[in-house]
Amino acid sequence: MMRWVIGSVMIAFGGILVWGVMSLPGGDGLTVKVEERMEMSGVTHPVTAVLLNFRGYDTLLEIGVLLLALFGVYSLRRSRPDPTGVSVSHPFLLALTRLLVPVMILMGGYLFWSGAYAPGGAFQAGAVLGAAGVLLYLNGFDLPGRKKEWLLRLYLAIGFVFFLGIGGGLVAAGNRLLEYPPDLAGSLIIIIEAGLTLSIGFILAELYISNSSLEIGPDVFVTEKG
Amino acid sequence: MNVMYLYAVVAVLLFVIGLHGVIAYSHLLRKIVALNIMGSGTFLLLVSIAYGRPEGGPDPVPHAMVLTGIVVAVSATAFGLALVRRLYSETGKPYLPNGDTEKSGR
């Protein structure tokens, strides 16, 4: 009975949504406004210009959300992850990882650099680096900086710190938050993106690694009461 | 009919399928997967709106929103999975306390 009620409500809701989407006004959206101001943005790719210049707030808050999610996962885990304990260590996976990880790091660097003028940028590059970190972890390797806690924390925070530091510096210099002077915009965006690439890579890898160390195991049976 | 509307309708379909999953199932892993399907529908809608421009390149603002959204969705999923795993290791059940009596919780 209940599933039929939910199903018919969903179908009605979907119909309303389709009607709403169909009656959206067309037009150019914000394309023309973005194109008019491309020269001031310091980059030549419009998506990068929107992400890091025109809508820089969004991206600053986004890296903040990533960090907060990682803090949440950290506070839920019970122990520090031990890569040797969860290693799948299949010879084929190990060989593939040895082959792929250097290429992935190179690919991350390329994607980060190409974001200024072509599709790419810090988030794509960070995703590739994060995947490389997961591959390393699955083979029992530590992330770089694992042995020194402060170094890992620096990698995790550097994107947000650079972003906020440059934003705050601009406020101190009399601009509004994240309002870059047009002649400096290009270099400031490169600095921010470099920090973001590193941080996003490490945060994504750490999200995976910390989730895999939450110790679901024999203790499930100990704590079960019902 | 414009191709944009085909993508937009598929996007709405994905969103509704995901919403149904969030409401109808009590297993929390299913809810997280369903939330991700809802998110994919939203992203597809934004991309199809950006594509709906008569000439020239697509609108960059929705594209930037999708990039932001994907990263937020990934981090929210990771946090949700951590919560579910901790709940499972505390209670032995991947359901919310009042959800484990429902029959639909497959």
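Could you tell me whether A:Val134 is closer than 23 Å to A:Gly72 by Cβ and open to solvent by 20 Å² or more (accessible area, probe 1.4 Å)?
Spelling it out, A:Val134 is indeed closer than 23 Å to A:Gly72 by Cβ and open to solvent by 20 Å² or more (accessible area, probe 1.4 Å).
Can you tell me which residues in region A:197-214 are farther than 26 Å from B:Ser89 by Cα and within 10 Å of chain B (Cβ to nearest Cβ)?
A:Ile200
Check off (1) more than 28 Å from the chain's Cα centre (by Cα); (2) of a type outside the set (Phe, Trp, Tyr); (3) at pLDDT below 90 for A:Pro81 and give me the number that stays unchecked.
All conditions are met except number (1).
Only one of these conditions is not met by B:Leu81: (1) in a helix (DSSP H, G or I); (2) under 24 Å from A:Ile6 (Cα atoms). Which number is it?
Status for B:Leu81: all satisfied but (2).
(1) at pLDDT 95 or above; (2) in a loop (DSSP other than H, G, I, E, B); (3) small (Gly, Ala, Ser): which one isn't true of B:Gly105, the others all being true?
(1)
Residue by residue, here is whether (1) in a helix (DSSP H, G or I); (2) open to solvent by 40 Å² or more (accessible area, probe 1.4 Å); (3) within 24 Å of A:Leu70 (Cα to Cα); (4) modelled with pLDDT of 90 or more holds:
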position	(1), (2), (3), (4)
A:Val171	yes, yes, no, no
A:Leu177	no, yes, no, no
A:Gly186	yes, no, no, no
A:Ala194	yes, yes, yes, yes
A:Leu207	yes, no, yes, yes
A:Glu215	no, yes, yes, no
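Please enumerate the residues belonging to region B:72-92 that are closer than 21 Å to A:Glu62 by Cα, open to solvent by less than 20 Å² (accessible area, probe 1.4 Å) and at the interface with another protein chain (Cβ under 7 Å from one of its Cβ atoms).
B:Ser75, B:Ala78, B:Ala82
Restricting to region B:15-52, name every residue that is at the interface with another protein chain (Cβ under 10 Å from one of its Cβ atoms) and open to solvent by 40 Å² or more (accessible area, probe 1.4 Å).
Across region B:15-52, the qualifying residues are B:Phe15, B:Ile17, B:His20, B:Ile23, B:Leu45, B:Ile49.
Restricting attention to region A:38-67, and to residues there that are of a type in the set (Ser, Thr, Tyr) and in a helix (DSSP H, G or I), which single residue is modelled with the highest pLDDT?
Taking the candidates together, the pick is A:Thr59.
Criterion first (open to solvent by 60 Å² or more (accessible area, probe 1.4 Å) and within 7 Å of another protein chain (Cβ to nearest Cβ)) does A:Met40 satisfy it?
No; evaluated as a whole, the condition is false for this residue.
Could you tell me how many of the residues in region A:10-37 are in contact (Cβ under 8 Å) with a residue 12 or more places away in the chain, more than 9 Å from chain B (Cβ to nearest Cβ) and in a helix (DSSP H, G or I)?
0
Do we find a residue being open to solvent by 40 Å² or more (accessible area, probe 1.4 Å), modelled with pLDDT of 90 or more and within 14 Å of chain B (Cβ to nearest Cβ) anywhere in region A:152-169?
yes
Which count do you get for residues in region B:2-33 that are of a type in the set (S, T, N, Q) and over 21 Å from B:Pro94 (Cβ atoms)?
The number of residues fulfilling the criteria is 1.
When you look at A:Leu70, is it touching a Leu at 6+ places or on another chain (Cβ under 7 Å) and either assigned to a helix (DSSP H, G or I) or open to solvent by less than 60 Å² (accessible area, probe 1.4 Å) (or both), yes or no?
In short, yes.
The values are calculated or read from the model by the stated rules, or taken from the named source; none is laboratory data. Because the structure is a prediction, the values reported are computed rather than measured. Using ideal geometry, Cβ is built from the backbone for each residue, glycine included, and neighbour counts are taken over all protein chains shown. Quick note on the areas: whole protein, heavy atoms, side chains included, nothing else; ligands and nucleic acids left out. Shrake-Rupley method; radii C 1.70, N 1.55, O 1.52, S 1.80 Å.
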